[in-house]
Amino acid sequence: MKFACPKRPRRPLLVPAALAALAALVPGALAVAATAVPTELPSPEKGLNLLVVGLDTRKGVTEEEKERFRLGGQGCDCTDVIMLVHVSAENDRVDVVGLPRDSLTAFPADHRDRRTGKVHGAHPAKINSAWAEGGPSFAVETVESMTGLPVHRYLEIDFRRFMDTVDRVDGGVPVCTAQPLKDPATGIDLQPGTKRVGGGEALQYVRSRKADGQMDFGRIQKQQKFVVNTLRQLHEGVLDDPARLREFAATLRGTAEGERAISTAELLTLAARLRELPPDRTEFATVPVRDFNPAVEGVGSTVAWDEEGAAEVFGRLREDRPLPVAGDVAPSLIPAATYRPATGSSLICP
């Protein structure tokens, strides 16, 4: 069993851009508000990489919302959503790769646990515990080590900010399912077809992993589909109003600080760079997965990446090339985890 130990880079740390990734799916998205906005957003020769994480924390969520949307229980303060977004150097392609939260990694020796102050030795861990143990910078370093890619910007979104951002979309965001979707854990109960949802129900949808037998892999696909349909809805009433557009971006961005945290201005600037990009020039995938690992003491059940497949995916992004097609990667021993890239246009709800 192999573990990837994060190498601590000496360059400044960053914070990624979910909104920018979404904006790539909609021609002209957010471009209105980006006009003449000063920015220090980099333009790397091999493309820009943004790390987007969703935090499992109930801070700011009311007791009524916890009950209504099945948000009870103790948050893990971990990153249960991890998306690596690659924007090509020519701004003519966006690739989004989901990293399963239970992916097995290893943390290096001599890092300090921010919760307890204890200095740890090297130890195996799930990727989603990097944020809880070492904060945003440690989460970034862990992803950089596992993928071999530099992360240029970082964005984190918690439950409160997610709901508030979705509620800024007029009429809600469409979600669609071919089969009934009922999850007793999150409380989501959808019939086949398309339905518009607000912030709370949207959170139930993107957290759902027990309704369709697809586990966390199905949840990643739901999250990616939700990203596409959120940006599509921005065409209706938000894009033509620069003030509302900036408020939307600012709500998503929040006030979290970090050495590589993306700013609201940078979100809007990146959106302007991608204003001509059609949905079929965006692609979504999950990192190739081989199988479940044997239970690791102190860690539990974890996911093992397909080393060759993952190397191919991240090697192509490192060279600023498109993702490999499905046939270029060996099938997973977990059917739900088989590598199947999908274009943004294929994820739009009817």
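The values are calculated or read from the model by the stated rules, or taken from the named source; none is laboratory data. Only a predicted model underlies this, so the values are computations on that prediction, with no experimental measurement involved. Don't worry about glycine lacking a Cβ; one is built from the backbone with ideal geometry, like all the others, and counts go over all protein chains shown.
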Legend entry - strands (runs of 3 or more DSSP E) wholly inside the range 276-348 containing at least 1 residues that are at pLDDT 95 or above and in contact with a Gly (Cβ under 9 Å, 6 or more places away or on another chain): 282-286, 289-292
Inset, instruction - Check off (1) more than 30 Å from PRO322 (Cα to Cα); (2) without any contact (Cβ under 8 Å) to a residue 12 or more places away in the chain for GLU90 and give me the number that stays unchecked. - result: (1)
Legend entry - Residue identified as of a type in the set (A, V, I, L, M) and in contact with a Phe, Trp or Tyr (Cβ under 8 Å, 6 or more places away or on another chain) among ALA249, ALA304, ALA271, ALA265: ALA304
Inset, instruction - Quick one: count up the residues across the range 93-125 that are modelled with pLDDT of 95 or more, among the small types (Gly, Ala, Ser) and either under 30 Å from PRO278 (Cβ atoms) or assigned to a loop (DSSP other than H, G, I, E, B) (or both). - result: 1
Inset, instruction - Kindly indicate the residue of the range 153-184 that is part of a loop (DSSP other than H, G, I, E, B) and in contact with a helix residue (DSSP H, G or I) (Cβ under 8 Å, 6 or more places away or on another chain) and also surrounded by the fewest Cβ atoms within 10 Å (Cβ to Cβ) among those meeting that condition. - result: GLY171
Legend entry - Cβ pairs under 8 Å, 6+ apart, first in the range 58-80 and touching a residue at least 24 places away in the same chain (Cβ under 8 Å) and part of a helix (DSSP H, G or I), second surrounded by 15 or more Cβ atoms within 10 Å (Cβ to Cβ) and not small (Gly, Ala, Ser): GLU65/LEU71; GLU65/MET163
Inset, instruction - Filter the range 37-79 down to residues that are in contact with a strand residue (DSSP E or B) (Cβ under 6 Å, 6 or more places away or on another chain) and over 22 Å from GLY344 (Cα atoms) and give me whichever is surrounded by the fewest Cβ atoms within 10 Å (Cβ to Cβ). - result: ASP56
